[in-house]
Amino acid sequence: MKAEARDTAERLAIEAAQKDPARFAVLYEDNFERVYAYVARRVRDRAEAEDLTSEVFHQALASLSRFEWRGAPFAAWLFKIAANAIIDHAKRNAKEVELPESVDLSSDSSFQEIEDEIEQRARLFKQVDLLPLDQRRVIELRFAEEKSIRDIASELGRSEGAIKQLQFRALEKLRAQLRDE
């Protein structure tokens, strides 16, 4: 029943956004973390992931009038747009990008696997946003921007020991928060 209620709410949100594009914000908020996680996992560059995620939602808004509800989650449609945006981006840049094997998102099991992984990453992104500012900044610099402890210490004007301690505390807090979920 819970899934039915979620599907109904999503369908109503889509219909509302199709009538009034200003209502697209609800769909954006509900799906941003999932789409960003999907894109970020594949392009591995934060700036590119942000740009591509923005492009996905821009394309989705522009194409929303043509969207037809067929019972599949709205996120599946967004993932398809994202996959195409990633491919187009890779072609434009003539770089090798890790792309998923051809996945049939209409299959419940393959979509569920992808959705589970993306949900896990989205929860992690949300938890990182809840960290104290110093810890969050260290985690972002260390793992999203792949900077060394030394570079982070220099950038933040702290000792390497202080950065290691902030990273340790942040990771412990994230582990505890994710375990509690």
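Out of the stretch 75-105, which residues are of a type outside the set (Asp, Glu), in a loop (DSSP other than H, G, I, E, B) and either modelled with pLDDT of 70 or more or loosely packed, with under 12 Cβ neighbours inside 10 Å (or both)?
Within the stretch 75-105, Ala94, Lys95, Ser102 meet the criteria.
Only residues that are touching an Asp or Glu at 6+ places or on another chain (Cβ under 6 Å) and in contact (Cβ under 8 Å) with a residue 12 or more places away in the chain: list them for the stretch 132-170, please.
Ile149, Leu166, listed by residue number.
Any idea which of Ala72, Ala47 is more than 30 Å from Arg142 (Cα to Cα) and modelled with pLDDT under 90?
Exactly one of Ala72, Ala47 is more than 30 Å from Arg142 (Cα to Cα) and modelled with pLDDT under 90, namely Ala72.
Under 7 Å between Cβ atoms, which residue pairs at least 6 apart in sequence (or on different chains) link something in the stretch 64-89 that is under 14 Å from Gln18 (Cβ atoms) with a partner that is of a type in the set (A, V, I, L, M)?
What qualifies is Leu64/Ala17; Phe67/Ile14; Trp69/Ile14; Phe74/Ile14; Phe74/Leu27.
Anything in the stretch 168-177 that is more than 14 Å from Leu133 (Cβ to Cβ) and surrounded by 13 or more Cβ atoms within 10 Å (Cβ to Cβ)? List them, or say none.
Residues satisfying the conditions are Leu171, Leu174, Gln177.
Would you mind stating whether Ala3 is exposed (fewer than 13 other Cβ atoms within 10 Å of the Cβ), modelled with pLDDT under 85, aliphatic (A, V, I, L, M) and over 11 Å from the mean Cα position of the chain (by Cα)?
yes
Of all residues in the stretch 18-35, which are in contact (Cβ under 8 Å) with a residue 24 or more places away in the chain and more than 21 Å from the chain's Cα centre (by Cα)?
Gln18, Pro21
Count, please, the residues in the stretch 41-74 that happen to be among the small types (Gly, Ala, Ser), assigned to a helix (DSSP H, G or I) and surrounded by fewer than 20 Cβ atoms within 10 Å (Cβ to Cβ).
5
Within the set of pairs 6+ apart or on separate chains, which have a first residue in the stretch 116-131 that is on the phi < 0 side of the Ramachandran plot, a second that is loosely packed, with under 15 Cβ neighbours inside 10 Å and in a loop (DSSP other than H, G, I, E, B), and C-beta atoms under 7 Å apart?
Arg123/Glu181
All but one of (1) surrounded by 15 or more Cβ atoms within 10 Å (Cβ to Cβ); (2) charged (D, E, K, R); (3) closer than 28 Å to Leu141 by Cα hold for Glu10; which doesn't?
(3)
Among the candidates Glu29, Glu10, single out the residue that is assigned to a helix (DSSP H, G or I) and at pLDDT below 90.
Within the list Glu29, Glu10, the selection yields Glu10.
Every residue in the stretch 148-167 that is surrounded by 17 or more Cβ atoms within 10 Å (Cβ to Cβ) and under 23 Å from Glu50 (Cα atoms), please.
Correct list: Ile152 only.
The values are calculated or read from the model by the stated rules, or taken from the named source; none is laboratory data. Since we're looking at a predicted model, the values are computed, not measured. In this analysis, Cβ positions are derived from the backbone assuming ideal geometry, glycine residues included, and neighbour counts consider all displayed protein chains.
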